[in-house]
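What follows is a set of notes on a single structure, which appears directly below.
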Amino acid sequence: MQRIYFVGDSNTVLDFTIREAVKYVNKITKSSVTCEAKTEYNPEEQGIWICSPRTISDITYDEWDDAISIKAVPGHVRISGTNDRSVLFALYDWLEELGCRWIMPGRGGEIIPFLKNPLLLRICKYETASYRHRCICIEGSCSKEHVLNMADFA
């Protein structure tokens with residue numbers, strides 16, 4: 001069983017991040033995943049820790065500029081970012097480090113590896129976005145389904 005802990009205030013973006021973490025860790029491990037809210041981060045406790053930027057002392061909150069932080073040692077992963085959106089980006093980056101790929105919009109575009117234990121990877125990463133504003137241009141005749149899949153893919 002995998003444990004996911006969340007430290008921070010609940011909001012739309014962070015709640016979505018938690019749901020994505022549970023969904024993909026479940027797909028990767030094919031085992032049950034528990035999720036628990038905590039009042040503070042504990043670097044000694046094993047599991048996957050998703051932390052809002054206001055709860056981690058070495059992450060400075062920034063509403064506009066995105067940066068991600070991933071610190072992983074065997075048995076423990078801490079995922080955070082400079083704002084709520086960046087925490088989601090950090091989660092996806094960690095999932096990519098595990099081998100997940102999203103090669104095109106829609107469920108058919110997911111490549112999800114099987115890993116018995118996703119907590120064996122060592123990572124120490126802090127990256128900032130090259131640009132404040134980023135976008136995707138959708139051209140041509142687009143169906144509602146295509147636009148929604150593209151938004152989810154992004």
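Express the relative contact order of region 1-89 as a whole percentage, based on alpha carbon pairs under 8 Å and six or more residues apart in sequence.
For region 1-89, the relative contact order is 32 percent.
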*Using the Karplus equation 6.51 cos²θ - 1.76 cosθ + 1.60 (θ = phi - 60°), what ³J(HN,Hα) coupling, rounded to whole Hz, does each residue of region 32-41 give in order, writing x for Gly and Pro?*
6, 10, 9, 10, 9, 7, 10, 7, 8, 6
*Between Ser31 and Lys144, what FRET efficiency follows from the Cβ-Cβ distance if R0 is 35 Å, with the result rounded to 0.05?*
0.50
*Taking the Cβ of Arg132 as the centre, find all other residues whose Cβ is under 9 Å away and add up their charges (Lys, Arg: +1; Asp, Glu: -1).*
-1
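Per residue and in Å³, how big is the convex hull formed by the alpha-carbon atoms of region 46-154?
118 Å³
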*Spin-label point model (7 Å from Cα, Cβ direction): what's the Glu20 to Asp65 distance in nm?*
2.2 nm
_From the phi angles alone, apply the Karplus equation (6.51, -1.76, 1.60; θ = phi - 60°) to region 86-92 and give each ³J(HN,Hα) in whole Hz, x where the residue is Gly or Pro._
5, 4, 4, 4, 5, 4, 5
*Evaluate the distance, in nm, between pseudo-label points positioned 7 Å from the Cα of Met104 and of Ala129 along their respective Cα→Cβ axes.*
2.7 nm
*If you plug each phi of region 96-112 into the Karplus form 6.51 cos²θ - 1.76 cosθ + 1.60 with θ = phi - 60°, what whole-Hz ³J(HN,Hα) values come out, in order, with x for Gly and Pro?*
5, 4, 7, x, 5, 9, 10, 8, 6, x, x, 4, x, x, 8, 10, 10
*Averaging sequence separations of C-alpha pairs under 8 Å and six or more residues apart, then dividing by the length of region 63-147, give the relative contact order as a whole percent.*
34 percent
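What is region 1-149's relative contact order, in percent, from Cα pairs under 8 angstrom and six or more apart in sequence?
23 percent
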*Give the distance, in whole Å, between the Cα centre of region 16-63 and the Cα centre of region 133-154.*
28 Å
*Could you state the accessible area per residue of the chain in Å², with a 1.4 Å probe and every protein chain left in place?*
60 Å²
*For Lys38, list the lysines whose Cα falls under 30 Å from its own Cα; do not include residues on the same chain fewer than 8 positions away.*
Lys23, Lys27, Lys30, Lys71, Lys116, Lys125
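The values are calculated or read from the model by the stated rules, or taken from the named source; none is laboratory data. All of these numbers come straight from a predicted model, not from anything done at the bench. A quick note on method: Cβ atoms are made from the backbone with ideal geometry, for glycine too, and the neighbour counts reach across all protein chains shown. All accessible areas refer to the heavy atoms of the entire protein, side chains included, with ligands and DNA or RNA removed. Shrake-Rupley method; radii C 1.70, N 1.55, O 1.52, S 1.80 Å.
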